[in-house]
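Asker: Quick one: this structure, given as structure tokens, is what I'll be asking you about.
The values are calculated or read from the model by the stated rules, or taken from the named source; none is laboratory data. On a predicted model such as this, the values are computed, not experimentally measured, just so you know. Reconstructed Cβ throughout: ideal geometry from the backbone, glycine too, with neighbour counts over all protein chains shown. Just so you know, the surface numbers come from the protein's heavy atoms only, side chains and all, with ligands and any DNA or RNA stripped out. Shrake-Rupley method; radii C 1.70, N 1.55, O 1.52, S 1.80 Å.
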Amino acid sequence: MPIFMDRHFLEGTSAADVAQAHRMDLDIQDKYGVKFLTYWFDQRRGTAFCLVDAPDAETAQCVHREAHGFVAGEIVEVALSAVEAFLGRIHDPEPAPGQSSAQVDPGHRAILFTDIVGSTAMTSRLGDRIATEMVRAHDSIVRRCLSQNSGREVKHTGDGIMAAFAATTAAVECAMAIQREFERYNGGNTEPIHIRIGLDCGEPVEDSNDLFGSTVQLAARLCAAASSDQILVSENIFREYGAADLFGHATRRRLKGFSKPVLAFRCDWANAGVN
């Protein structure tokens with residue numbers, strides 16, 4: 001059966017209420033031949049997201065309607081592999097030792113893209129073998145920084161990496177760490193690697209027919225628009241990170257796939273933490 005993720009607007013609802021609603025879905029799911037796998041709840045934003053194995057979207061909605069009346073505002077078909085890559089799980093989490101229930105994950109994620117600047121020209125100039133080694137060096141640096149900043153690799157793009165973070169602060173810190181690591185790498189190598197990075201954040205289902213669709217698209221476009229050794233972040237990242245002095249330069253940019261100019265902020269990573 002297809003897998004669906006839905007989005008509920010539940011402003012003013014508590015985590016306990018949402019947990020109870022999930023249990024009520026589980027109680028009657030067999031009646032409709034569906035299986036509710038897990039859920040995420042963002043109390044601050046008043047949104048909940050359910051992952052369900054169902055014959056179709058309407059059947060999943062029928063369970064919600066009968067169980068508790070919290071019908072989803074949006075529902076999209078998803079791949080389990082993508083859900084696990086972005087969100088880290090596809091089943092209800094186990095409680096931590098000493099806790100009676102697991103901590104509720106809000107499902108909000110920051111998405112980061114890296115891209116090697118001039119990778120095509122690099123391959124033409126150095127040849128496939130050396131260019132492949134350069135990509136491997138990029139991958140090693142980025143993956144080490146992801147590991148150190150609680151990032152999750154979603155996929156390799158050929159000349160870059162897409163990653164997801166549960167915390168916006170961790171995503172920004174990771175982006176800055178990546179650029180610093182390449183600065184160090186380039187200082188000791190005759191063949192430098194210059195990269196650009198783009199960041200946005202959002203919810204798994206947000207006015208789109210794809211998981212993190214608009215968030216992924218904007219992060220990718222910001223990465224493509226960034227200059228060499230630059231980090232560009234969205235207005236969402238700027239507001240959530242809460243350090244205006246780190247993002248001192250903002251411009252409105254026309255990006256492919258976006259009808260209106262997008263406000264992009266340049267991260268001053270080279271001077272971050274410098275007194």
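Asker: Computed over the Cα atoms, what is the radius of gyration of segment 194-239 divided by 2.2 N^0.38 Å, N being its residue count?
Answerer: Details: Rg = 11.1 Å, N = 46, 2.2 N^0.38 = 9.4 Å.
That works out to 1.18 for segment 194-239.
Asker: Answer rounded, prolate or oblate for segment 100-209, using the Cα gyration tensor with square roots of eigenvalues a ≥ b ≥ c: rounded when a/c is under 1.5, else prolate when a/b is larger than b/c, else oblate. Could the numbers behind the result be given before it?
Answerer: Working: a/c = 2.73, a/b = 1.96, b/c = 1.39.
Prolate.
Asker: Hey, got the dipole for segment 98-166? About the Cα centre, +1 on K and R Cβ, -1 on D and E Cβ, debye to the nearest 20? Numbers along the way, then the final one.
Answerer: Values: 8 positive and 7 negative charges, 17 e Å.
Rounded to the nearest 20 debye, it is 80 debye.
Asker: On to the next question. Going by alpha carbons, how many degrees (0 to 90, nearest 10) lie between the helix axis of 168-187 and the longest principal axis of the chain?
Answerer: 20 degrees
Asker: Same structure, new question: P(r) tail for the chain, what percent of Cα pairs lie past 27 Å? Each step should come with its number before you reach the end.
Answerer: Working: 17022 of 37675 pairs.
That fraction is 45 percent.
Asker: Still on this structure: With angles folded into 0 to 90 degrees, how steeply does helix 213-225 sit against the dominant principal axis of the chain? Use alpha carbons for both and round to 10.
Answerer: Rounded to the nearest ten degrees, it is 10.
Asker: Using a 1.4 Å probe on the protein heavy atoms, what percent of the accessible area of the chain belongs to carbon and sulfur?
Answerer: Working: 6220 of 13280 Å².
With neighbouring chains kept in place, the figure for the chain is 47 percent.
Asker: Between PRO106, PRO55, PRO261, where does the largest GNM mean-square fluctuation fall for the chain, given springs only between Cα atoms within less than 10 Å?
Answerer: PRO261
Asker: Can you tell which of GLY151, PHE247, LEU51 lies farthest toward the positive end of the dipole of the chain, using +1 and -1 charges on the Cβ of basic and acidic side chains (Lys, Arg; Asp, Glu)?
Answerer: Of the listed residues, the answer is PHE247.
Asker: In whole percent, what relative contact order does the chain give with Cα contacts below 8 Å and a gap of six or more residues? Before the final figure, lay out the partial values.
Answerer: Numbers: 527 pairs, mean separation 43.3, N = 275.
16 percent.
Asker: Shifting gears a bit: Ratio of alpha-carbon Rg to the 2.2 N^0.38 Å globular estimate for segment 224-275, to two decimals, please.
Answerer: Its radius of gyration relative to the 2.2 N^0.38 Å reference: 1.18.
Asker: Using a 1.4 Å probe and ignoring any ligands, DNA or RNA, find the accessible area of HIS91 and quote it in Å² to the nearest 10.
Answerer: Surface accessible to solvent at HIS91 totals approximately 100 Å².
Asker: With charges only on Cβ, +1 for K and R and -1 for D and E, what is the dipole size of the chain about its Cα centre, in debye, rounded to 20?
Answerer: 980 debye
Asker: Looking at the chain as a GNM with Cα springs under 10 Å, which of LEU146, LEU37, LEU112 has the largest mean-square fluctuation?
Answerer: Largest GNM mean-square fluctuation: LEU37.
Asker: OK, next. How do 225-231, 210-216 rank on mean C-beta neighbours within 10 Å, highest first? Walk me through the numbers before you get to the answer.
Answerer: Numbers: 225-231: 18.4, 210-216: 20.3.
The peptides rank, most packed first, as 210-216, 225-231.
Asker: Let me ask something additional. Please compute the per residue accessible area over segment 82-165 with all protein chains in place, 1.4 Å probe, rounded to a whole number of Å².
Answerer: Details: 4230 Å² over 84 residues.
For segment 82-165, the solvent-accessible area averages 50 Å² per residue.
Asker: About its Cα centre, how strong a charge dipole does segment 3-87 have in debye, to the nearest 20, once Lys and Arg get +1 and Asp and Glu get -1 at the Cβ? Please report the intermediate quantities before stating the final value.
Answerer: Working: 7 positive and 14 negative charges, 44 e Å.
It works out to roughly 220 debye.
Asker: Specify, per residue and in Å³, the volume enclosed by the convex hull of the alpha carbon atoms belonging to segment 3-87.
Answerer: Output value, Cα hull per residue: 82 Å³.
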